[in-house]
Structure formats: C-alpha cells, structure tokens
Amino acid sequence: MKHTVVMSSPIPSIAREILSQRYEVVEHSASGTRSEETMALMAVEADGLITLNHDPVTRRVLESNPNLRIVANYAVGVDNIDLSAASELGIVVTNTPGVLTEATADLTMALLLAAARRVPEGDRMVRSGEFHGWDPFMLLGASLQRKRLGIIGMGRIGTAVARRARSFGMEITYHSRSAHEEAERELGALRLDFDELISTSDFVSLHLPLKAETRHMIDRSALERMKPGAYLINASRGPLVDESALADALTAGTIRGAALDVYEREPAVEPRLLPLDNVILLPHLGSATEEARTEMARIVATEVTAVLEGGRPRFQVN
Ligand code: GLV
C-alpha cells in the first residue's frame, strides 16, 4: 500500500514532483486560515502531512491519526505546532531553515529602509496627485549611517540582517542567549542586555521564534523605554509585540515609526494601525521569493520522504 502525503495547501510543484514518485499525494486547495477541525480531518488520511505556518497543528490534530509519522512545516517557525504532543506521539516535526534566511533578511532591510526613508508615504503622495515638485522639506526621513541597529535574536536571519546593515554604515548591537564571536569580530557587533539594547537603539529589529517566553517581549514598558526617534521592525512573529501598545506608542509619538510583516492575530491587523502614516504594513512576505519558496518545497518533500522511508530527516525540531 502506498503511503499518503497530504498538503494542507498548494505549494511549489517541485514538492508534488518529488512525492508523487512514491506516494499518493492529496493537495487541498488554498483557503486562508484553517480551523483545528479542518486540520484534524486532513490529518486523518495522512502518513505525512505538509502544513503552512498558520495551520493549527494541535494535540487533537496529531491524535486524529495513529499512522501519522511526520508533520513537515513549510516554514522555519514552528509555533503553530504542539511540539511536545508530537514528541509524545512519536511524530517527527521538521521545518525549512537556511533557504529562507537571505530572503527574510532582504525583506527586513526593505522594511527598515522603507520606514527610514518614508517610501510608502512618497508612493501614496505621487499616486494621489499631491506631488507638486521637489521640496527641501518634503518627507524627510532618517539616515542609516552611524545609526545603531539593535538586533534581538542573533540566529541565522539576525546575522544576515546585521551583515546587510553593516554595509549601510550602521552600528550593530544584539541581544541573544549566546555570544556570536564571528559577528563580534567581523561586524563589530556589540552584545547588550535587553534593556540596554532597546533604550539605545535607533532601530530595533526582532528575529526570534515565538515561544511562551518571547510573547509580548515588546510590551508597553519596552516601547516606553525606546528612544523617541526609534523605529521597530518586525519580520519574525507578530505576537512578540503587544500590537495594541504599539498602536498607542505610534499614535502618541513615543517612537518614531514601525514596519511590520507579521501581526499578533494574523491575518487580522489592529485597526488603529491602519490610518497611521508612521507604520508600514506588509502581508507576511518574509520568505516570499520564488527561489526561497521553491527550496522550501523541495525540503518538505525530501523530509517527508526521508521519514516515510525509515531514514533521518535533516531538519527535525522535536
Ligand atoms: C515564515 O513565517 C516562516 O516561519 O518561515
């Protein structure tokens, strides 16, 4: 009997090309955020399940099928999956690290530059017919030269952002559980504790996974301790930031601006952010390059194959 691999949504075709050589492949059509119940129904027929980062893979989903051997998340973040339940049930969970690092670092720099130089405001001005000629005072932003970037979470993506920012003349500081000697040596990165980093950075960029201990790490009090001219950049996970406190801080001018790719209750966005000019809002595009998404698809397919053939996956997270 052939194993069945279920994809909760379509992903680049390389995954199906690899998997259909050996397995029955069931590809569900895309339909936004899934409920736990829908995921459980999908899991029932799966020996291998390929999920997106917003699919809730709860204990109930994992328990719905005793034959389920692997959940391959089409993402680097795995906060949508109950990892301890998966381990208890002997189900392997994998992610797609590495291949989306550069894409996500590029997008982070795009957010940072767009916020500092007010790119979306300029675009809106031209489209609305408000551009009446060059003006010495029009849409003045912030230079990156000699500004301090505080990176919270100096893993693969944080380090890739640091490298880019360094070439823009920024001074790099970071907060991380462990020291990164290479970044310190090559980029002159300075390791700081959380309080010092947020109170001295001109730009704060988040690059941490979502866990109980990182939820709301940027809360009202952290925002109050940031410099009044500072910007907050988030291309990691929305719940790291208290979005309601951020809307208050941006409205009151406690900080100068923010640029977000992710949201606390994604895809919902705090409505008070929508009319603000000092926040940039993107629809979770961090890894959205054709190259990264294709490589992510190749990884989930090879991870599922490895596990169903009794081998070892490369990127097991539990
Ligand atoms: C996307 O958000 C990912 O975790 O890969």
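Structural remarks
- Residues in segment 118-146 that are under 30 Å from R293 (Cβ atoms), in a helix (DSSP H, G or I) and open to solvent by 40 Å² or more (accessible area, probe 1.4 Å): V119, D123, R124, R127.
- Residue count for segment 259-277 under the criterion of being closer than 24 Å to N80 by Cβ, of a type outside the set (F, W, Y) and surrounded by 14 or more Cβ atoms within 10 Å (Cβ to Cβ): the result is 9.
- Residues in segment 189-220 that are assigned to a helix (DSSP H, G or I) and open to solvent by less than 70 Å² (accessible area, probe 1.4 Å): 5 in all.
- The number of residues in segment 272-299 that are within 12 Å of the ligand (Cβ to nearest atom), assigned to a helix (DSSP H, G or I) and within 24 Å of G238 (Cα to Cα) comes to 3.
- Among the criteria (1) away from the ligand (no atom under 16 Å from the Cβ); (2) open to solvent by 40 Å² or more (accessible area, probe 1.4 Å); (3) closer than 20 Å to T108 by Cβ, the one A252 does not fulfil is (3).
- Summed over segment 221-241, the residues that are part of a loop (DSSP other than H, G, I, E, B) and within 14 Å of V204 (Cβ to Cβ) give a count of 7.
- Any hit, segment 107-117, residues being outside any helix (DSSP H, G or I), open to solvent by 40 Å² or more (accessible area, probe 1.4 Å) and within 30 Å of E184 (Cα to Cα): yes
- Segment 18-95 holds no strands (runs of 3 or more DSSP E) entirely within its bounds that carry 2 or more residues that are loosely packed, with under 15 Cβ neighbours inside 10 Å, touching a helix residue (DSSP H, G or I) at 6+ places or on another chain (Cβ under 9 Å) and in contact (Cβ under 8 Å) with a residue 12 or more places away in the chain.
The values are calculated or read from the model by the stated rules, or taken from the named source; none is laboratory data. The shown structure was predicted, so the numbers you read here are calculated from the model rather than taken from an experiment. Cβ atoms come from the backbone with ideal geometry, glycine included; neighbour counts cover every protein chain shown. Protein only, heavy atoms only, side chains kept; ligands, DNA and RNA dropped before computing areas. Shrake-Rupley method; radii C 1.70, N 1.55, O 1.52, S 1.80 Å.
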